[in-house]
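The values are calculated or read from the model by the stated rules, or taken from the named source; none is laboratory data. Quick caveat: nothing in here was measured; it's all calculated off a predicted structure. Cβ atoms come from the backbone with ideal geometry, glycine included; neighbour counts cover every protein chain shown. Areas reflect the complete protein model, heavy atoms only, side chains present, ligands, DNA and RNA absent. Shrake-Rupley method; radii C 1.70, N 1.55, O 1.52, S 1.80 Å.
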Amino acid sequence: MDSGKKDPHSDKKKVFPENWNIDFTPLQEFVDRMDNLFSRSFKSFQGQVLHDFPAEIIEKDKHILVKAEVPGYSRKDIQIEVIGNQIKITLHKDESISLQTDKETVHKKSTQRKERIVTLSFNIPKNSITATLENGILMINIPKQSISSHIVDIND
């Protein structure tokens, strides 16, 4: 090994007493490889399975707007579910394509599902929430609840 280069694993040996002459470099290299493998696998997994879409929360004086970008989806492809202080937006689209060639007809079917959960700091009133879809932008309007103040006495 070149004296100018420092072995990145040489510090690992110093953790143990000097009379323990154990080289953990192979184990450290194995752990590094496994970490790299899981990192790459998870990135691939996220790109293929965990689909979501851009959404932002815009706070106004009397209401909250959730603005989600859903280009290519129609009203029938979108489900909005209110769960306590969360809004779950699910996009689901089934597409079928048939191609006719000289020899055969090829049918291809695909399903695309995306999901996004938006959490707010208060329980969402289920009956007064509204949503609109225009030009691939989903707007969910959530009125703020009026908060009343009450001072609590402390008993002795």
Using a simple spin-label model with points 7 Å from Cα along the Cα→Cβ vector, what separation in nm is obtained for S121 and L133? 3.2
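Peptides 120-130, 79-89: what's the order by average Cβ count within 10 Å, highest mean first? Can you show the working numbers first?
Details: 120-130: 11.7, 79-89: 14.4.
Highest mean packing first, the order is 79-89, 120-130.
What is the extension gain from N21 to H107, computed as 0.36 nm multiplied by their sequence separation minus the C-alpha to C-alpha distance, in nm to one decimal? Intermediate values should be presented prior to the final figure.
Working: separation 86, 0.36 × 86 = 30.96 nm, distance 6.52 nm.
Using 0.36 nm per residue and subtracting the Cα-Cα distance, I get 24.4 nm.
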Ranked from the most accessible area to the least, with a 1.4 Å probe and all protein chains present, what is the order of E59, E104? E59, E104
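Which FRET efficiency value, to the nearest 0.05, do you get for Q145 and S74 by plugging their Cβ-Cβ distance into 1/(1 + (r/R0)^6) with R0 = 35 Å? Provide the component values of the computation, followed by the final result.
Working: r = 31 Å, r/R0 = 0.90.
Computed FRET efficiency for Q145 and S74 comes out at 0.65.
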Figure the gain on full extension for I58 and F38 (residue separation times 0.36 nm, minus the Cα-Cα span) and round it to one decimal in nm. 3.6 nm
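Working with all protein chains in place, sort D23, D153, D102 by solvent-accessible area computed with a 1.4 Å probe, largest first. Can you show the working numbers first?
Values: D23 85, D153 130, D102 165 Å².
Ranked list, largest accessible area first: D102, D153, D23.
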Karplus-derived 3J(HN,Hα), 6.51/-1.76/1.60, for each residue of segment 73-88, Hz, glycine and proline x: 10, 9, 4, 6, 8, 10, 10, 10, 10, 9, 10, x, 9, 10, 10, 9
Starting from the residue with the highest accessible area, list L91, L133 in decreasing order, probe 1.4 Å. L133, L91
